[in-house]
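Worksheet for the structure shown next.
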Amino acid sequence: MRPSWSAMQEIGRDIGERWDFMEIFSGCSRLSKEVAKFGGKCGPAVDCLPSAELRLDLSTPSTRALLWQLVKESRVRWIHLGFPCTFFINLGRCTALRTHTQWEELRETALGHMEFSIHLLREQETEGRDGSMEQPRNAGSWRCRGWTELENSSFQKYIYDSCAFGLCDEYGRPLQKPGALGSNRDLSTMERQCCCGVPHGRVEGSVQQGPEKGRRRSEVAGQYTLAFCQAFAREILRSRI
Ligand SMILES: C[S@@+](CC[C@H](N)C(=O)[O-])C[C@H]1O[C@@H](n2cnc3c(N)ncnc32)[C@H](O)[C@@H]1O
Ligand SMILES: [Zn+2]
């Protein structure tokens, strides 16, 4: 029976479409673009940025409900969530100048994003589908109960250095930025470690030149590199078999 209301229709997609991949908290959406280039059928890349394919503020219950329904209707085979990590990294806690109230708000929003992400991953697992999340290697999110519960089922953490995937600053200096992916599929090919042999730049302050000038280095370094997306897209599509 056709549902009287369809989330797919609500966002202008056909009822009955089945997606291989969907990226949530997608930022520059490079990962979705690479999956599509390799022949994967992608759902819209979701972020609150004006440039997002599907612009949703995922801190509200109604948008979360819409996204939940989209995942359910599309039976999307793999979802990836790179939820915001500022609250979960010590660097942010120490250096950012915020009042107690601002921290409380940030905490509530951050925990909300994390819990929603974990909830989606658990649902994927229950439905026999795949999923992944990405956070800095030392982020507190990896120590939260939601993740440890996933780890006690069939999820595993895979670690890498971002410089091994070509991350560098505006002067071409490699940025080591230790990252981690958590997934219920084998992502061991993503576990590339630094072999730079030259000094690294620092993920601090703001970009001094080039197209990203003025933006915070930490924000720019959060965008997945092309090499990272290509390697990850291969794994995402390999799991279709
Ligand atoms: C760590 S960045 C992800 C960057 C991404 N991996 C990339 O390759 O560009 C986190 C993303 O979460 C998005 N975000 C933050 N708050 C959000 C909200 N309330 N709803 C939807 N997206 C949000 C930000 O705009 C940002 O793009
Ligand atoms: Zn390196």
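Please treat every number below as a calculation from the coordinates, not as lab data. Only a predicted model underlies this, so the values are computations on that prediction, with no experimental measurement involved. So basically every Cβ, Gly included, is an ideal-geometry build from the backbone, and we count neighbours across all protein chains shown.
For segment 169-174, putting each phi into the Karplus relation 6.51 cos²θ - 1.76 cosθ + 1.60 with θ = phi - 60° gives couplings of 8, 5, 9, x, 7, x Hz, in residue order, rounded to whole numbers and with x for Gly and Pro.
In percent, what relative contact order does the chain have, based on Cα pairs under 8 Å that are 6 or more apart in sequence? All intermediate terms of the calculation are to be shown ahead of the outcome.
Working: 386 pairs, mean separation 43.9, N = 241.
Computed value for the chain: 18 percent relative contact order.
Taking every DSSP bridge with both residues inside the chain, close to 50 percent are antiparallel. Segment 208-241 and segment 120-182 have Cα centres separated by 13 Å.
I need the trypsin sites (Lys or Arg not before Pro) found in segment 1-69, filtered to DSSP loop residues with at most 16 other beta carbons within 10 Å of theirs.
The qualifying sites are ARG18, LYS41.
Karplus-derived 3J(HN,Hα) values for segment 205-222, using 6.51 cos²θ - 1.76 cosθ + 1.60 with θ = phi - 60°, are x, 10, 5, 8, 8, x, x, 9, 3, x, 7, 5, 4, 4, 6, 5, 5, x Hz; glycine and proline are entered as x.
Given the C-alpha atoms of the chain, compute the convex hull and give its volume per residue in Å³. Don't skip to the end; give the middle numbers.
Working: hull volume 33.3 nm³, N = 241.
Roughly 138 Å³ of hull volume per residue.
Phi angles across segment 84-89 convert, under the Karplus curve 6.51 cos²θ - 1.76 cosθ + 1.60 with θ = phi - 60°, into 3J(HN,Hα) values of x, 10, 3, 5, 8, 10 Hz, Gly and Pro given as x.
Here LYS157 is the anchor, and the lysines within straight C-alpha reach of less than 21 Å, apart from those fewer than 8 places off in the same chain, are LYS177. Modelled spin-label separation between THR189 and GLU10, with each label point placed 7 Å from Cα along the Cα-to-Cβ direction: 3.6 nm. Give the distance, in whole Å, between the Cα centre of segment 19-75 and the Cα centre of segment 100-115. The distance from the Cα centre of segment 19-75 to that of segment 100-115 comes to 22 Å. Here the Debye sum runs over all C-alpha atoms of segment 12-67 as equal scatterers in vacuum, and log10 of I(q)/I(0) at q = 0.19 Å⁻¹ comes out as -0.68.
How many percent of all Cα-Cα pairs in segment 128-241 sit more than 23 Å apart? List each step's numbers first, then the result.
Working: 2286 of 6441 pairs.
Everything past 23 Å amounts to 35 percent.
For LYS41, the aspartates and glutamates whose Cα falls under 17 Å of its own Cα, not counting residues fewer than eight places away in the same chain, are ASP14, GLU17, ASP20, GLU23, GLU53, GLU73, ASP130, GLU235.
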